[in-house]
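Asker: So that we are looking at the same thing, I have put the structure below in structure tokens.
The values are calculated or read from the model by the stated rules, or taken from the named source; none is laboratory data. Bear in mind that the values here come from a model prediction, so they are computed numbers and not experimental data. So basically every Cβ, Gly included, is an ideal-geometry build from the backbone, and we count neighbours across all protein chains shown.
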Amino acid sequence: GQVRKLGVPLLDQHEVIFLLTEQEGEESRVVGAIAIDQTKAAAGLAAVAIFQAENVIMATGGPGGIYDTVVYPAGHLGSTGVALTAGAAAVNLGEWQYGLASVKFRWNVSGSYQQVIPRYFSTNPDGTDEQEFLNNYFPTMSKLATGIFLKGYQWPFDARKTRNFGSSLIDLLVYQETVGKGRRVYLDYGANPKGGEGLAPFGLADLDGEAATYLKNSGADGETPLARLRQMNPMALQLYLDHGIDLSKEPLEIAVCAQHNNGGLKGNRWWESNLRHLFPIGEAAGTHGVYRPGGSALNAGQVGGYRAAEYIAHCYAERTIDRETFRHKYAGQIAAKIQVVRRALQTVGQDGQEMSSFRREFQQRMSQAGAHVRFPALVKTAVQEGEQQYRRILNYEVKLNNPAEILDFFRNRQLCLTHLAVLKSIAAYLERGGGSRGSYLVIE
Ligand SMILES: Cc1cc2nc3c(=O)[nH]c(=O)nc-3n(C[C@H](O)[C@H](O)[C@H](O)COP(=O)(O)OP(=O)(O)OC[C@H]3O[C@@H](n4cnc5c(N)ncnc54)[C@H](O)[C@@H]3O)c2cc1C
């Protein structure tokens with residue numbers, strides 16, 4: 001609303017694929033950007049738009065597109081790799097938040113979705129062989145039910161909470177079922193956790209103090225998780241109904257998903273990158289560390305926006321490069337980048353890996369080797385495989401089915417670089433002897 005009120009021109013559907021830069025002594029700065037107009041992508045080169053820019057605010061979100069198992073909205077891929085290619089530095093890239101989320105409609109199953117204590121079960125991929133897979137790992141029903149309850153406000157996976165039947169043990173067991181055994185995991189709101197495997201039947205009266213008090217104070221004393229959710233938070237049921245999932249009729253499939261990149265592009269206290277005149281803000285900026293207090297992602301995005309705006313208004317308001325100089329001075333750089341677009345378009349119909357399969361390859365690598373369970377040997381192999389894959393796209397050893405896929409080519413190119421940078425950051429930490437912390441467990 002504010003942008004429209006001030007009459008700032010908006011160019012929707014333009015996706016930046018390159019930043020234009022200039023070396024100034026020891027430092028570099030951005031001077032513009034090249035984008036593809038998505039509405040014209042099928043027209044190939046005609047879709048390319050070139051922008052001169054005194055300053056670039058980069059609010060492109062976290063690089064959720066590098067993972068296979070994610071709760072980011074489908075279109076939110078991130079563009080960190082565009083800035084990395086231009087020479088922007090990053091920080092804490094390996095620090096993320098992972099947690100339990102539904103996969104059909106992407107949504108965190110935190111808060112009341114856990115506090116009503118649904119039944120967890122797993123099945124074979126074809127839905128057969130239902131198992132109460134948590135039961136073997138908890139000594140009593142009270143501990144199991146309390147662990148599920150606590151997931152509500154201990155949502156992200158936390159390496160510190162995997163011991164002593166902590167709530168993050170549940171994420172680990174879900175991971176063991178889904179990634180380790182190739183099974184599917186569901187939350188059933190129609191039934192309480194089932195006893196068996198040495199566990200007594202579920203009873204609200206047997207819950208540990210904190211959970212019992214909370215449910216009592218919320219008036220959530222219904223017989224089933226569904227009844228308790230209706231009492232505690234009916235909107236939570238409605239949300240899924242709005243997305244075609246009726247929790248009273250079907251179980252909810254879940255997985256441990258990547259949710260937020262705590263690291264990102266490096267900035268100074270004005271959110272300016274080492275690549276001067278570039279201001280990464282929001283989740284694209286690496287403003288958080290190993291842990292991130294809940295809610296602070298949105299706040300950090302707003303603070304970064306204000307800081308960048310203040311700095312630009314006071315220090316970078318003047319235009320330092322006029323239109324004519326821009327046209328002549330950067331013509332060679334622009335031509336070289338357009339040549340990359342031209343060359344990518346030449347892969348239409350040639351032999352090679354298709355864009356969808358190319359993306360799946362690095363996404364699956366990340367979810368297996370670079371998510372909340374990290375095996376140093378797997379990370380090492382993943383770095384080597386990631387390097388090979390990135391070389392393939394740099395050498396155009398891929399295939400576009402039609403010119404409209406040009407955007408997928410550039411998305412994959414920058415996402416592939418980003419996944420490699422994240423893996424290298426993880427590998428560097430492990431090589432220095434780093435262990436479990438934040439939202440990941442390191443298993444030797
Ligand atoms: C399920 C879920 C729940 C969350 N809950 C919370 C919470 O409770 N509290 C909290 O603080 N945080 C939460 N987060 C994190 C928080 O929502 C995000 O960190 C935040 O929304 C990111 O905002 P952003 O503006 O930086 O990026 P985004 O909202 O991701 O927006 C980035 C935009 O940039 C566009 N874009 C990307 N690349 C390009 C390009 N090359 N050219 C042009 N445009 C581009 C994208 O299309 C997108 O529109 C949650 C995240 C998820 C996924």
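Asker: Name the residue that is surrounded by the most Cβ atoms within 10 Å (Cβ to Cβ), counting only residues in the range 238-280 that are of a type in the set (Ser, Thr, Tyr) and within 16 Å of the ligand (Cβ to nearest atom).
Answerer: Applying the filter and picking the extreme gives SER273.
Asker: In addition: So, in the range 131-161, of the ones that are of a type in the set (S, T, N, Q) and over 14 Å from TYR98 (Cα atoms), which residue ends up surrounded by the fewest Cβ atoms within 10 Å (Cβ to Cβ)?
Answerer: Only one residue tops the list, namely ASN136.
Asker: Which residue out of ALA344, ALA285 is surrounded by 12 or more Cβ atoms within 10 Å (Cβ to Cβ), among the aliphatic types (A, V, I, L, M) and within 14 Å of the ligand (Cβ to nearest atom)?
Answerer: ALA285
Table: residues versus (1) over 12 Å from the mean Cα position of the chain (by Cα); (2) outside the structural domain of ASN268 (by TED's automatic domain parsing).
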site	(1), (2)
TYR72	no, no
LEU77	no, no
ALA83	yes, no
GLY87	yes, no
SER102	yes, yes
ASN108	yes, yes
GLY111	yes, yes
GLN114	yes, yes
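Asker: Being touching a strand residue (DSSP E or B) at 6+ places or on another chain (Cβ under 8 Å) and more than 11 Å from the ligand (Cβ to nearest atom), is that true of even one residue in the range 77-85?
Answerer: For the range 77-85, residues touching a strand residue (DSSP E or B) at 6+ places or on another chain (Cβ under 8 Å) and more than 11 Å from the ligand (Cβ to nearest atom): present.
Residues checked against (1) assigned by TED's automatic domain parsing to the domain that holds GLN302; (2) in contact with a Ser or Thr (Cβ under 8 Å, 6 or more places away or on another chain); (3) of a type in the set (A, V, I, L, M):
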| residue | (1), (2), (3) |
| --- | --- |
| GLU250 | no, no, no |
| GLU253 | no, yes, no |
| ASN268 | yes, no, no |
| GLU272 | yes, no, no |
| LEU275 | yes, yes, yes |
| LEU278 | yes, no, yes |
| GLU283 | yes, no, no |
| GLY286 | yes, no, no |
| VAL290 | yes, no, yes |
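Asker: Still on this model: Looking at the range 178-196, which of its residues are surrounded by fewer than 22 Cβ atoms within 10 Å (Cβ to Cβ) and not in a strand (DSSP E or B)?
Answerer: Across the range 178-196, the qualifying residues are THR178, VAL179, GLY180, LYS181, GLY182, ARG183, GLY190, ALA191, ASN192, LYS194, GLY195.
Asker: Are any residues in the range 379-420 among the hydrophobic types (A, V, I, L, M, F, W, C), in a helix (DSSP H, G or I) and away from the ligand (no atom under 16 Å from the Cβ), and if so, which ones?
Answerer: VAL379, ALA382, VAL383, ILE393, LEU394, ALA404, LEU420
Asker: Follow-up question, since we're still on this one. Among the listed residues ALA42, ALA47, ALA89, identify the single one that is away from the ligand (no atom under 11 Å from the Cβ), over 30 Å from HIS372 (Cβ atoms), of a type in the set (Gly, Ala, Ser) and at pLDDT 95 or above.
Answerer: Result: ALA47 is the single residue among ALA42, ALA47, ALA89 that is away from the ligand (no atom under 11 Å from the Cβ), over 30 Å from HIS372 (Cβ atoms), of a type in the set (Gly, Ala, Ser) and at pLDDT 95 or above.
Asker: Taking the range 21-39 only, how many residues are buried (at least 16 other Cβ atoms within 10 Å of the Cβ) and either within 15 Å of the ligand (Cβ to nearest atom) or basic (Lys, Arg) (or both)?
Answerer: Counting residues in the range 21-39 that are buried (at least 16 other Cβ atoms within 10 Å of the Cβ) and either within 15 Å of the ligand (Cβ to nearest atom) or basic (Lys, Arg) (or both) gives 8.
Asker: May I pose another question? Spot the failing condition for ALA74; the list is (1) at pLDDT 95 or above; (2) of a type outside the set (Phe, Trp, Tyr); (3) within 13 Å of the ligand (Cβ to nearest atom), and only one is missed.
Answerer: Status for ALA74: all satisfied but (1).
Asker: In this structure, does ALA59 turn out to be in contact with a strand residue (DSSP E or B) (Cβ under 9 Å, 6 or more places away or on another chain), away from the ligand (no atom under 11 Å from the Cβ), in contact (Cβ under 8 Å) with a residue 60 or more places away in the chain and assigned by TED's automatic domain parsing to the domain that holds GLY267?
Answerer: It is false that ALA59 is in contact with a strand residue (DSSP E or B) (Cβ under 9 Å, 6 or more places away or on another chain), away from the ligand (no atom under 11 Å from the Cβ), in contact (Cβ under 8 Å) with a residue 60 or more places away in the chain and assigned by TED's automatic domain parsing to the domain that holds GLY267.
Asker: Would you pick out the residues in the range 21-47 that are outside any helix (DSSP H, G or I) and either of a type in the set (Phe, Trp, Tyr) or touching a helix residue (DSSP H, G or I) at 6+ places or on another chain (Cβ under 6 Å) (or both)?
Answerer: THR21, ILE34, ILE36, ASP37
Asker: Just checking, how many residues over the range 94-133 are under 25 Å from ARG374 (Cβ atoms), assigned to a loop (DSSP other than H, G, I, E, B) and within 15 Å of the ligand (Cβ to nearest atom)?
Answerer: So the answer is 5.
Asker: Which ones in the range 288-333 are without any contact (Cβ under 8 Å) to a residue 40 or more places away in the chain and within 10 Å of the ligand (Cβ to nearest atom)?
Answerer: PRO293, GLY295, SER296, ALA297, LEU298, ASN299, ALA300, GLN302, GLY304
Asker: Pick out the one residue from GLY203, GLY209, GLY219, GLY264 that is among the small types (Gly, Ala, Ser) and either under 30 Å from GLY61 (Cα atoms) or modelled with pLDDT of 95 or more (or both).
Answerer: Result of the check over GLY203, GLY209, GLY219, GLY264: GLY264.
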